[in-house]
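Peer 1: I have a structure I would like to understand better, so I am pasting it below and will then ask my questions one at a time.
The values are calculated or read from the model by the stated rules, or taken from the named source; none is laboratory data. In this text, all values refer to a predicted model and were calculated from it rather than measured experimentally. Glycine also receives a Cβ, built like all others from the backbone with ideal geometry; neighbour counts cover every protein chain displayed.
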Amino acid sequence: MALFQKETAQAEPDFSNLPQHIAIIMDGNGRWAKQRGLPRTAGHAAGAENFRKVATYAKEIGLQYLTVYAFSTENWKRPQEEVNAIMRLLKKYLLEAIDQMERDRVKMHFFGDLTPLTPELRKLCDRTQEISTHYDGCQVNICLNYGGRDELVRAMKAWYADCQSGLRDPEALTEQVVSDYLFSKGVPDPDLIIRPSGELRTSNFLLWQSAYSEYYFTDVLWPDFSTAELDKAIAAFQKRSRRFGGV
Ligand code: FPP
């Protein structure tokens, strides 16, 4: 039995004391499809549908920030057909999101370099961000062509350029300055990072931001990660003692 299963017994979280920011690695879509004799793309479609449910629930319970890993800088190595299917699902999701944003007041953001996406998808990303700039609901950050190392390299290059042009003083570099050069600028670090599907690694996700995040691992595959599973993860998080290096 995996070590992490012990703490999942308690399912009811305290909704008056939610973590501010939850991040999720939406893993296990391929295995979910394989178990059912379906193509991997069907697993991603089920994963996208589950993301909709979880994001709606997050909004309903009053979570402030939800960040999901939708496509990494390494995911381009997958078969073209699979990459295309994920991009189609994103397009479908964004088109629906645009329709519902006014009602939901969900704030949409993207972490990652969007330039390799199709102009159509980039436009949709820009449009959802633009529309929701002033919304005050849950902020959903979708990591797209995102990698934690890539993010840090980009931050270093941008900071160096600003030093060269006199905008920054190299002597004044602090942790806060580094944070301000990341895609997540202005977003508090995740309190809780959830990885379903039984994999016990971080896979280049929010490397800088996760310094003091609590991790929650479960064997459940992402398309099966229901809102009840999210409740369990939050309840487990609420039992942890966070010391941030203190005592
Ligand atoms: C990891 O599972 C999942 C992905 C790389 C893609 C995630 C994409 C979606 C859920 C759909 C689009 C997203 C949104 C936000 C609408 P895997 O394929 O590595 O699963 P496996 O490890 O079982 O093969």
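Peer 1: What residue, of 137, 147, is small (Gly, Ala, Ser) and under 30 Å from residue 84 (Cβ atoms)? First the steps, then the outcome.
Peer 2: On the way: 137 fails: under 30 Å from residue 84 (Cβ atoms).
Just one listed residue meets the conditions, 147.
Peer 1: Given the residues 130, 81, 60, which is the only one that is loosely packed, with under 15 Cβ neighbours inside 10 Å, over 24 Å from residue 21 (Cβ atoms) and of a type outside the set (A, V, I, L, M, F, W, C)?
Peer 2: Values: 130 fails: over 24 Å from residue 21 (Cβ atoms); 60 fails: over 24 Å from residue 21 (Cβ atoms).
The conditions single out 81.
Peer 1: Of the residues that make up the stretch 29-43, is at least one modelled with pLDDT of 95 or more, within 7 Å of the ligand (Cβ to nearest atom) and out of contact with any Gly (no Cβ under 8 Å at 6 or more places or on another chain)?
Peer 2: No, the stretch 29-43 contains no residue that is modelled with pLDDT of 95 or more, within 7 Å of the ligand (Cβ to nearest atom) and out of contact with any Gly (no Cβ under 8 Å at 6 or more places or on another chain).
Peer 1: Restricting attention to the stretch 76-87, report how many residues are near the ligand (Cβ under 9 Å from one of its atoms) and in a helix (DSSP H, G or I). Show your work before the answer.
Peer 2: Of the stretch 76-87, the ones near the ligand (Cβ under 9 Å from one of its atoms) are 78, 82, 85-87.
Imposing the further condition that a residue be in a helix (DSSP H, G or I) reduces the set to 82, 85-87.
Total meeting the criteria: 4.
Peer 1: So, one more: If we scan the stretch 98-121, do we find a residue that is in contact with a Pro (Cβ under 8 Å, 6 or more places away or on another chain) and outside any helix (DSSP H, G or I)?
Peer 2: Here is the first cut: in the stretch 98-121, the ones in contact with a Pro (Cβ under 8 Å, 6 or more places away or on another chain) are none.
Looking for residues that are in contact with a Pro (Cβ under 8 Å, 6 or more places away or on another chain) and outside any helix (DSSP H, G or I), one finds none in the stretch 98-121, hence no.
Peer 1: Sticking with this structure for a sec: Please go through the stretch 1-28 and pick out each residue that is more than 22 Å from the chain's Cα centre (by Cα), of a type in the set (Gly, Ala, Ser) and modelled with pLDDT of 75 or more. Working first, answer last.
Peer 2: Keep residues of the stretch 1-28 that are more than 22 Å from the chain's Cα centre (by Cα), which gives 1-3, 5-7, 9-12, 14, 16.
Then keep just the ones that are of a type in the set (Gly, Ala, Ser); that gives 2, 9, 11, 16.
Scanning the stretch 1-28 gives 11, 16.
Peer 1: Moving on. Which condition does residue 100 not pass, out of (1) without any contact (Cβ under 8 Å) to a residue 40 or more places away in the chain; (2) within 9 Å of the ligand (Cβ to nearest atom), if it passes all the others?
Peer 2: The single condition residue 100 does not satisfy is (2).
Peer 1: So, one more: Which of the residues belonging to the stretch 122-154 are assigned to a helix (DSSP H, G or I) and in contact with a strand residue (DSSP E or B) (Cβ under 6 Å, 6 or more places away or on another chain)? Can you show your working first?
Peer 2: Residues of the stretch 122-154 assigned to a helix (DSSP H, G or I): 122-132, 148-154.
Matches in the stretch 122-154: 125, 128, 129, 132.
Peer 1: Of the residues that sit in the stretch 183-199 and are in contact with a helix residue (DSSP H, G or I) (Cβ under 6 Å, 6 or more places away or on another chain) and among the aliphatic types (A, V, I, L, M), which one is surrounded by the most Cβ atoms within 10 Å (Cβ to Cβ)?
Peer 2: 194
Peer 1: Can you name the residue in the stretch 202-247 that is within 21 Å of residue 183 (Cβ to Cβ) and within 16 Å of the ligand (Cβ to nearest atom) and is also surrounded by the fewest Cβ atoms within 10 Å (Cβ to Cβ) among such residues?
Peer 2: Of all residues in the stretch 202-247, those within 21 Å of residue 183 (Cβ to Cβ) come to 202-213, 215.
Okay, now just the ones that are also within 16 Å of the ligand (Cβ to nearest atom), so 202-206.
Values: 202: 16, 203: 13, 204: 18, 205: 24, 206: 25.
By that ranking, first place goes to 203.
Peer 1: Does the stretch 44-75 hold any residues that are among the polar types (S, T, N, Q), within 11 Å of the ligand (Cβ to nearest atom) and either without any contact (Cβ under 8 Å) to a residue 12 or more places away in the chain or part of a helix (DSSP H, G or I) (or both), and which are they?
Peer 2: 50, 75
Peer 1: Continuing with the same structure: Consider residue 86 carefully, then state whether it is over 30 Å from residue 242 (Cβ atoms) and either crowded, with 19+ Cβ neighbours inside 10 Å or touching a His at 6+ places or on another chain (Cβ under 9 Å) (or both). Full working, then the answer.
Peer 2: Values: over 30 Å from residue 242 (Cβ atoms): yes; either crowded, with 19+ Cβ neighbours inside 10 Å or touching a His at 6+ places or on another chain (Cβ under 9 Å) (or both): yes.
For residue 86, the condition - over 30 Å from residue 242 (Cβ atoms) and either crowded, with 19+ Cβ neighbours inside 10 Å or touching a His at 6+ places or on another chain (Cβ under 9 Å) (or both) - is met.
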